[in-house]
Amino acid sequence: MTDQPVPDPSDAVPMELLSDTATIGADGQLIIGGCDTLELAAEFGTPLFVYDEAHLRARCAEAVAAFGPGVNYATKAFLCTAMASLAVDEGMNLDVSTGGEYAVARAAGVPADRLVLHGNNKSTEELALAMSEGVGRIVVDSFDELDRIIALVERGVAADTPELYVRITPGVEAHTHEFVRTGQDDTKFGFGVASGEAERVIEMIGEHADLELVGLHLHIGSQVFEERFFELAIEVVAPFFHRFDLPELSIGGGLGVPYVAGEQAPSITEWGAAIARACEAGGIRAWVTAEPGRAIVASAATTLYTVGTIKNLPGIREYVSVDGGMSDNPRPVLYGSGYEAFLARCVGADRERTVTVVGKHCETGDVIVNDARVPADLAIGDVLATPVTGAYGLSMGSNYNRVPRPAVVFVADGNARLVVRRETFDDLLATDTGVNPAS
């Protein structure tokens, strides 16, 4: 099968929203990584997350080129053992924020010293495990946490001298959704610079010879489209950073990605260049690293659904129901996030029909795409695709209504490998210890 030239009708799904290797096949169908997505849907079922492995590797390599080896992949965006291994193979370290993320990374064979432990409420058990295995960095987020770290060191739990970052809030409020702003003073994360708490915790760490403060960490928010907010954060932080002469600075993540036609965002390369310019202007000579997550994985994946019902309410709306929903993509419900939709069998087709794509959950708000443009001949049984679903879909998903989580495949060079199998009803019952009264 040979690929035909990609048409560019104004009403077709924008190809720039699809992953790097996405093409249109000889019959008009979506091809990713050399694999026919209609065949993938038939083999693995739907809903199905299809990740373009070449795209993932290219974005990891771009991050390493922009920030240097050891730049951290933010695993909260998407994590399984295959993704952890891939990121590390491409030269990245991993940012983990819970014991569960830590466990998955370690199960993938990632050395503890290539992990950075985040979280605003790390438990004593989580800290003890990470410290006993020689975790690379711990990002201190509260005075309570510092107390726990000191107590564990005094008990002899730490394999090595803990190397710490202090997470600071620079007072920079990025223009993004209020739920994902984190750089302003009113936030559950980190220590405020303006309040003096950041200086206080740094002084406390300096009082303990068995702790090593190696750097500062900041994060201004997620889905940030303008480089100037990152530059402003560095400008604000630079005087504070210079006071302590630290060797490392992490500017966190938060780089936005386009989800719908017309959106634009800086590339990882452009983001890194802007950070470098800001650091040079601020006289920061430290190793400056980052934690891209969404920018690595979001546009690497496309979700495939099967259309189950079509309900037309004359003069009001037409609903198209698919076999997934808010359990595999909660972002529209949480943030009002927009997505595109198209048919996997005819990628280049005009999309002159407007519908609302909804899931199968018992919630009116279970909407995937509110005003989706789709081809006029959409029908029951069609495979509907939504691009840019590689971040915060599976990782934020749930079993609401006891719906099993979807499968995940990585595709490359014409081959598909199952990296996360579809959950079964037995999986849903695996942790249920209730006794059947009839037994």
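Around the Cα centre of the chain, unit charges on the Cβ atoms of Lys, Arg, Asp and Glu (plus for the first two, minus for the last two) sum to a dipole of about 600 debye. Taking a straight Cα-Cα cut-off under 18 Å and skipping sequence neighbours fewer than 8 places away in the same chain, the lysines within cross-link reach of Lys76 are Lys122, Lys188. Taking the helices alone, the chain has a mean residue ellipticity at 222 nm of -7500 deg cm²/dmol, built from -39,500 (n - 2.57) per DSSP H run of at least 4 residues and averaged over all its residues.
Among Met204, Met326, which comes first, second and so on when ranked by fewest other beta-carbon atoms within 10 Å? Write down the numbers at each step before the final one.
Working: Met204 17, Met326 25.
If I rank by nearby Cβ atoms, fewest first, I get Met204, Met326.
Were the residues from Asp427 through Thr187 laid out at 0.36 nm apart, the gain over their Cα-Cα distance would be 82.8 nm.
What percent do you get for the relative contact order of the stretch 301-369 when only Cα pairs under 8 Å and 6+ apart count? Walk me through the numbers on the way to the answer.
Details: 95 pairs, mean separation 24.2, N = 69.
Worked out over the stretch 301-369, it gives 35 percent.
Once you keep just the Cα pairs under 8 angstrom separated by 6 or more residues, what percentage relative contact order results for the stretch 53-298? The partial results should precede the final answer.
Details: 487 pairs, mean separation 47.9, N = 246.
Relative contact order for the stretch 53-298 comes out at 19 percent.
Neighbour counting of Cβ atoms within 10 Å sorts the residues Arg421, Arg148, fewest neighbours leading, into Arg421, Arg148.
Once the Cβ-Cβ distance between Asp144 and Glu235 is put in as r, and R0 is 30 Å, what FRET efficiency do you end up with, to the nearest 0.05? Display every interim value, and only then the final one.
Details: r = 31 Å, r/R0 = 1.03.
The value I calculate is 0.45.
Counting pairs of alpha carbon atoms under 8 Å apart in space and at least six apart in sequence, what relative contact order in percent does the chain give?
20 percent
Output the 0 to 90 degree angle, nearest 10, between the alpha-carbon long axis of helix 143-154 and the longest principal axis computed from the alpha carbons of the chain. Long axis of 143-154 versus the principal axis of the chain: about 70 degrees. Amide hydrogen proximity for Thr289: with H placed 1.01 Å from N in the peptide plane, the residues at 5 or more positions away or on another chain lying under 5 Å are Leu249, Ser250, Ile251. Converting phi to 3J(HN,Hα) with the Karplus coefficients 6.51, -1.76 and 1.60 and the offset θ = phi - 60°, the stretch 414-426 yields x, 10, 10, 10, 6, 9, 9, 6, 5, 5, 10, 5, 5 Hz in sequence order, with x at every glycine or proline.
Shape of the stretch 92-238 from its Cα gyration tensor (a ≥ b ≥ c, root eigenvalues): rounded if a/c is under 1.5, otherwise prolate when a/b > b/c, or oblate? Can you show the working numbers first?
Numbers: a/c = 2.15, a/b = 1.41, b/c = 1.52.
Because a/c hits 1.5 or more and a/b fails to exceed b/c, the stretch 92-238 counts as oblate.
Just check the stretch 53-298 against the gyration tensor rule for me: Cα atoms, a ≥ b ≥ c as the square roots of the eigenvalues, rounded for a/c under 1.5, and otherwise prolate or oblate depending on whether a/b exceeds b/c. Since a/c reaches 1.5 but b/c is at least a/b, the shape of the stretch 53-298 is classed as oblate.
Amide H to amide H distances under 5 Å link Gly68 with no residue, where only residues 5 or more positions off or on other chains count and H is placed in the peptide plane.
How would Cys346, Cys362 line up from fewest to most surrounding beta-carbon atoms within 10 angstrom? Present the calculation step by step, with values, prior to reporting the outcome.
Details: Cys346 20, Cys362 8.
In increasing order of surrounding Cβ atoms, one gets Cys362, Cys346.
The residue among Ala261, Ile310, Tyr73 whose Cα reaches farthest toward the positive pole of the charge dipole of the chain, with charges on the beta-carbon of Lys, Arg, Asp and Glu, is Ile310.
Values quoted throughout were computed directly from the atomic coordinates according to the rules given, and no laboratory measurement underlies them. All values reported here derive from a predicted model rather than from experimental measurement. When we count neighbours, we look across all protein chains shown, and the Cβ atoms used for this are built from the backbone with ideal geometry, even at glycine.
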